[in-house]
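Undergrad: For reference, the structure I am asking about is given below.
Every number in this text was worked out from the coordinates using simple rules, so none of it is lab data. These figures come from a predicted structure and were not determined experimentally. Cβ placement follows ideal geometry from the backbone for every residue including glycine, while neighbour counts extend to all protein chains displayed.
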Amino acid sequence: MAKVPFLTKEKAEEIIKTYPTPFHIYDEKGIRDNVKALIEAFSWNKGYKEYFAVKATPNPFLMQILQEYGCGCDCSSMTELMLSEAIGAVGDDIMFSSNDTTLEEFEFCNNLGGIINLDDITHIDLVEKACGALPKKMSCRYNPGGVFILTNGIMDNPGDAKYGMTKDQIIDAYSIMKEKGVEEFGLHAFLASNTVTNEYYPELARVLFELAVEINEKTGVKISFINLSGGIGIPYTPDQESNDIFKIGEGVHKVFDEVLVPNGLGDVKLCTELGRYMMGPYGALVTTAINEKHTHKEYIGVDACAVNLMRPAIYGAYHHITVLGKENDPLSCTYDVTGSLCENCDKFAIDRNLPKIDKGDILFIHDAGAHGFSMGYNYNGKLKSAELLLKEDGTVKLIRRAETPKDYFATFDCFDIYKKLVKE
Ligand SMILES: *Cc1c(COP(=O)(O)O)cnc(C)c1O
């Protein structure tokens, strides 16, 4: 399926007059339509709630859009908790699915009333120490180990993942937590990432639902909420087919009726912690071609680099590129599309067939809305770009300004050299 950018060349040119490239831009309509469909797909479950994985796109203005639909925030660090607090998402609106957590983070989350999702059995003691006593409502993260193979052949490797507890540990953890006065219990697992299949959630649900039944039998603990976590993926390549969220919702419903209902657990509330699925397709990195180079290969240099979107550099991830205004041109050239970092992995595309690109052409790099801006860093002293929101009425709102050298140097502000750096 052809990937269609949510900006035309004309619109991009208009935006660039105010906000020079590179920038990230998000499509409000896409975000809203998608969250509405997700909630509809799980509306059969009373109490269903999506906790947006803040790490995917930690921008309060985007988080607030999801909040309008009742979404909470899935956090795993202090600053993510602070973002949630700032938009008024506290208490049951916070799921804290962290790992390798500090006492300060547990304490901060507990002060906000957030739900702590324990990554390890040893963290029971840590939470007690950090918070004085265990909160009344807690959750645990499960890791079944081994290899998780979906019936369609997709696999992931939980046995190699640092997250979660073994079955024996998690069963012990619930017994201990119950003894220590916890009253409401959740169960969580994240077994495969970026799955482009309607089977992942139902098969994960079966693992968790069966475990909830076993926990109930072995410890008397009744799990009241089950967190299917993240992992629903998006089609990064044009040949992949999108997930059908309604099929996914129905698939989970079927397993729910099959496993939980007959075991007296039909009132379990489901939650999800989706990040990529909520924002990925609705964000793009927009960049201008500024150089071309003909050596052993054909290179197009753009004004963005891996600092703005590092997935291609670190995982060799594919991000589709549309040259705006040349949507219908033949793919007559083969390019490496590069940024300016002094790292050869700084390439948005390698040997990609694209229309002939001229200097000044605007490139729309698709599916950068999740794990895009947020993964950014400052290598080579590169500055992070602005984030813009394309509103439903067609206007554009700045939702994060671009970094300036002053931001980059800010952590020298307690030294004399700072004055020279920022020429104050
Ligand atoms: C990263 C993460 C998510 C979100 O994952 P996506 O693949 O973006 O949906 C959810 N929960 C936890 C604990 C995570 O670490």
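Undergrad: Please go through (1) in a helix (DSSP H, G or I); (2) charged (D, E, K, R); (3) over 30 Å from residue 25 (Cα atoms) for residue 100 and return the number of the only condition it doesn't satisfy.
TA: (1)
Undergrad: While we're looking at this one, here's another question. Of all residues being over 14 Å from residue 341 (Cβ atoms) and within 22 Å of the chain's Cα centre (by Cα) in segment 280-312, which is surrounded by the most Cβ atoms within 10 Å (Cβ to Cβ)? Just the residue, please.
TA: 283
Undergrad: Could you check, for segment 250-258, whether at least one of its residues is in contact (Cβ under 8 Å) with a residue 60 or more places away in the chain and either farther than 27 Å from residue 116 by Cβ or surrounded by fewer than 19 Cβ atoms within 10 Å (Cβ to Cβ) (or both)?
TA: yes
Undergrad: Something else now. Would you confirm whether any residue within segment 213-225 is surrounded by 17 or more Cβ atoms within 10 Å (Cβ to Cβ), among the acidic types (Asp, Glu) and either in a helix (DSSP H, G or I) or in contact (Cβ under 8 Å) with a residue 12 or more places away in the chain (or both)?
TA: no
Undergrad: Right, next: Yes or no: segment 69-77 includes at least one residue that is within 21 Å of residue 234 (Cβ to Cβ), without any contact (Cβ under 8 Å) to a residue 60 or more places away in the chain and surrounded by fewer than 18 Cβ atoms within 10 Å (Cβ to Cβ).
TA: Yes, segment 69-77 has at least one match.
Undergrad: If you don't mind, there's one more thing I want to ask. Take the residues of segment 327-356 that are of a type in the set (Gly, Ala, Ser) and in a loop (DSSP other than H, G, I, E, B): which is nearest to the chain's Cα centre (by Cα)?
TA: For segment 327-356, the residue satisfying everything is 339.
Undergrad: Being touching a residue at least 40 places away in the same chain (Cβ under 8 Å), in contact with a Leu (Cβ under 7 Å, 6 or more places away or on another chain) and of a type outside the set (Ser, Thr, Tyr) is the filter; apply it to segment 125-143 and report the residue that is surrounded by the fewest Cβ atoms within 10 Å (Cβ to Cβ).
TA: 128
Undergrad: Go through segment 87-113 and count every residue that is under 19 Å from the mean Cα position of the chain (by Cα) and small (Gly, Ala, Ser).
TA: Here the count works out to 3.
Undergrad: Take residue 90 and tell me if it is away from the ligand (no atom under 16 Å from the Cβ), crowded, with 23+ Cβ neighbours inside 10 Å and among the aliphatic types (A, V, I, L, M).
TA: No.
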